[in-house]
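**Q** Below you'll find the structure I mean.
The values are calculated or read from the model by the stated rules, or taken from the named source; none is laboratory data. In this text, all values refer to a predicted model and were calculated from it rather than measured experimentally. Cβ atoms come from the backbone with ideal geometry, glycine included; neighbour counts cover every protein chain shown. Each accessible area value is taken on the protein alone, full model and side chains, heavy atoms only, with ligands, DNA and RNA left out. Shrake-Rupley method; radii C 1.70, N 1.55, O 1.52, S 1.80 Å.
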Amino acid sequence: MTLTVKSVGRVTLVSSLVAAAAGMAIFAAAPASGAADTLAAAAQQSGRYFGTAVAANKLGDGTYVNILNREFDMVTAENEMKMDALEPNQNQFSYGTADRIVNQAIGQGKRVRGHALAWHMQQPGWMQNMGGTQLRNAMLNHITQVATYYRGKIYAWDVVNEAFADGNSGGRRDSNLQRTGNDWIEAAFRAARSADPNAKLCYNDYNTDNWSHAKTQGVYNMVRDFKSRGVPIDCVGFQAHFNSGNPVPSNYHTTLQNFADLGVDVQITELDIEGSGSSQAQQFQGVTQACLAVARCTGITVWGIRDSDSWRASGTPLLFDGSGNKKQAYNSVLSALNSGTGTTSPSTPTSPTTPSNPGGGGCTATYSEGEKWNDRFNGNVTVSGSNNWIVTVTVSSPQRIIATWNTSASWDSANVMTARPNGNGNSFGFTIMHGGNWNWPSISCRTA
């Protein structure tokens, strides 16, 4: 992302936001007594980070820096580590401005995401005029020199940024880098691993949030291929720029989980959501909970601190207003981070109670276990026999359902949830905070 080059004209996501953001129904309980009171501290409770994009020219702004130091534990340079900034002339590297951000972050005990080593945009003029082998070698030299310079200081690199095309092809973007050969992304990752072997290596893109979209599938197939052949890739970044025409998709959790199942970390790297009030707050909370529900979602970065700092400032898309005040969206994110973690020690689940699904209801609901953490676990339900089903899920105290996906959910009580189809098929899932009770929920199905 940049403040100057990106446009707001994203491809519209067709999925609608159901119940709450990201297809998830959320209990927005107030943080418990003793809960963390900053975003970073709350995220750290579950081993995650909460970061922000930083512009070097704002590091003299006291309000900006105070919020940065207090709330965030991961920093991404907004533009200062891109190709045109670091190598304005071929083989003449300029690190001073980027170093201001890196050194400020490290001095405050924060980690740094490096953004970005190779991109078809914000290339220096000398590189834009190259092609073929000459361009390939220049790209690889840039990656090697920059990653070597920052070796040991970077938590994760966005090695390649936005290499896939929008639209329905699922293929690569036509760019000068792509025209150097279809293996250019693989070559970039291998060069980055050689230069900075201990950093995580990520692919980063936008409009990859909806699992059903061709672009998402194209990136997924590339990552799957890389993992199968031993190409060094450790993580996938989801930019997550949302607005009314491009809302959080109802299958967002599915997307994150499916990528994580390939054996890579997933990270929300450039989050901003245009809007205001409770609607914006719900969407931010839903995205946060989607990350919390996926064990390999290791952190969230918002793309800026105050609304006035955003590349989409008119859409007021961030967690702090222009004066640095916490917005309703901030409170919803903090609540989600606090309620999505626990203090129980890891343990082995007790023998579960078999879910009940008495026959005769016109449909059958089958429960299966999902991922488990020390404080919560996921459950999955598959329905057969009808496309017009109503599934009742009953948990036992002190359990509580904190999130759902791929269903329209309502609650008859704190312990009883009713799930209905929402257009995303006949399988859905949920996350249960178990409170020490590992028993499976009771499941029953009937037709509407």
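**Q** Applying the selection to region 75-104, what residues are free of Cβ contacts under 8 Å to residues at least 60 places away in the same chain, open to solvent by less than 10 Å² (accessible area, probe 1.4 Å) and in a strand (DSSP E or B)?
**A** VAL75, ALA77 - these are the residues of region 75-104 that are free of Cβ contacts under 8 Å to residues at least 60 places away in the same chain, open to solvent by less than 10 Å² (accessible area, probe 1.4 Å) and in a strand (DSSP E or B).
**Q** Condition first: under 16 Å from the mean Cα position of the chain (by Cα) and among the small types (Gly, Ala, Ser). Now tell me which residues in region 35-65 satisfy that.
**A** ALA40, ALA43, SER46, GLY47, GLY51, ALA53
**Q** Applying the selection to region 215-258, what residues are in contact (Cβ under 8 Å) with a residue 60 or more places away in the chain, small (Gly, Ala, Ser) and either over 16 Å from ILE273 (Cβ atoms) or surrounded by 24 or more Cβ atoms within 10 Å (Cβ to Cβ) (or both)?
**A** Selection gives GLY237, SER250.
**Q** Could you grab the pairs with beta carbons closer than 8 Å, sequence gap of 6+ or different chains, first residue in region 299-316 and farther than 30 Å from GLN257 by Cβ, second one among the aliphatic types (A, V, I, L, M) and in a loop (DSSP other than H, G, I, E, B)?
**A** Once the first residue is farther than 30 Å from GLN257 by Cβ and sits in region 299-316, its partners that are among the aliphatic types (A, V, I, L, M) and in a loop (DSSP other than H, G, I, E, B) give ARG306/LEU318; ASP307/LEU318; ASP309/ALA55; ASP309/LEU318.
**Q** Among ALA25, ALA20, ALA29, which is the only one that is among the aliphatic types (A, V, I, L, M), surrounded by fewer than 18 Cβ atoms within 10 Å (Cβ to Cβ), under 30 Å from ASN422 (Cα atoms) and at pLDDT below 85?
**A** ALA29
**Q** For MET121, only one of the following conditions fails: (1) closer than 18 Å to THR269 by Cβ; (2) buried (at least 17 other Cβ atoms within 10 Å of the Cβ). What is its number?
**A** Status for MET121: all satisfied but (2).
**Q** Restricted to region 153-171, and to residues that are open to solvent by less than 20 Å² (accessible area, probe 1.4 Å) and among the aromatic types (Phe, Trp, Tyr), which residue is farthest from HIS241 (Cα to Cα)?
**A** If we take residues in region 153-171 being open to solvent by less than 20 Å² (accessible area, probe 1.4 Å) and among the aromatic types (Phe, Trp, Tyr), then TRP157 is farthest from HIS241 (Cα to Cα).
**Q** State which residue is least open to solvent (accessible area, probe 1.4 Å) when the search covers only region 138-152 and only residues that are part of a helix (DSSP H, G or I) and out of contact with any Leu (no Cβ under 9 Å at 6 or more places or on another chain).
**A** Here the residue is ALA138.
**Q** Can you tell me how many residues in region 286-308 are open to solvent by 10 Å² or more (accessible area, probe 1.4 Å) and either of a type outside the set (Gly, Ala, Ser) or closer than 12 Å to PHE50 by Cβ (or both)?
**A** Here the count works out to 4.
**Q** Limited to region 396-448, what total is found for residues that are under 20 Å from GLN289 (Cα atoms), open to solvent by less than 10 Å² (accessible area, probe 1.4 Å) and not in a strand (DSSP E or B)?
**A** The qualifying residues number 3.
**Q** While we're here: Taking ASN357 as the residue in question, decide whether it is surrounded by 13 or more Cβ atoms within 10 Å (Cβ to Cβ) and either modelled with pLDDT of 90 or more or within 26 Å of the chain's Cα centre (by Cα) (or both).
**A** For ASN357, the condition - surrounded by 13 or more Cβ atoms within 10 Å (Cβ to Cβ) and either modelled with pLDDT of 90 or more or within 26 Å of the chain's Cα centre (by Cα) (or both) - is not met.
**Q** Condition first: open to solvent by less than 70 Å² (accessible area, probe 1.4 Å), within 28 Å of GLY435 (Cα to Cα) and at pLDDT 65 or above. Now tell me which residues in region 321-354 satisfy that.
**A** ALA329, TYR330, SER332, VAL333, LEU334, SER335, ALA336, LEU337, ASN338, SER339, GLY340 - these are the residues of region 321-354 that are open to solvent by less than 70 Å² (accessible area, probe 1.4 Å), within 28 Å of GLY435 (Cα to Cα) and at pLDDT 65 or above.
**Q** I've got another one for you. Looking only at region 191-203, which residues are of a type outside the set (A, V, I, L, M), within 24 Å of the chain's Cα centre (by Cα) and in a helix (DSSP H, G or I)?
**A** ARG193
**Q** Which residues, counting only those in region 232-254, are touching an Asp or Glu at 6+ places or on another chain (Cβ under 6 Å) and among the polar types (S, T, N, Q)?
**A** Answer for region 232-254, where residues must be touching an Asp or Glu at 6+ places or on another chain (Cβ under 6 Å) and among the polar types (S, T, N, Q): GLN239, ASN243.
Every residue, every condition in (1) within 30 Å of ASN141 (Cα to Cα); (2) at pLDDT below 95, yes or no:
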{"residue": "THR12", "(1), (2)": "no, yes"}
{"residue": "ASP61", "(1), (2)": "no, no"}
{"residue": "GLU78", "(1), (2)": "yes, no"}
{"residue": "ASN89", "(1), (2)": "yes, no"}
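**Q** Which members of region 412-422 meet the condition of being touching a Ser or Thr at 6+ places or on another chain (Cβ under 8 Å) and modelled with pLDDT under 85?
**A** Answer for region 412-422, where residues must be touching a Ser or Thr at 6+ places or on another chain (Cβ under 8 Å) and modelled with pLDDT under 85: just ASP412.
**Q** Looking at (1) in contact (Cβ under 8 Å) with a residue 24 or more places away in the chain; (2) over 30 Å from GLY286 (Cβ atoms); (3) surrounded by fewer than 17 Cβ atoms within 10 Å (Cβ to Cβ); (4) not hydrophobic (A, V, I, L, M, F, W, C), find the lone condition where SER212 falls short.
**A** (2)
**Q** Any residue at all in region 105-117 that is part of a helix (DSSP H, G or I) and surrounded by fewer than 17 Cβ atoms within 10 Å (Cβ to Cβ)?
**A** Yes, some residue in region 105-117 is part of a helix (DSSP H, G or I) and surrounded by fewer than 17 Cβ atoms within 10 Å (Cβ to Cβ).
**Q** Does LEU68 meet the test of being under 21 Å from ASP307 (Cβ atoms) and within 22 Å of the chain's Cα centre (by Cα)?
**A** So LEU68 fits the description; yes.
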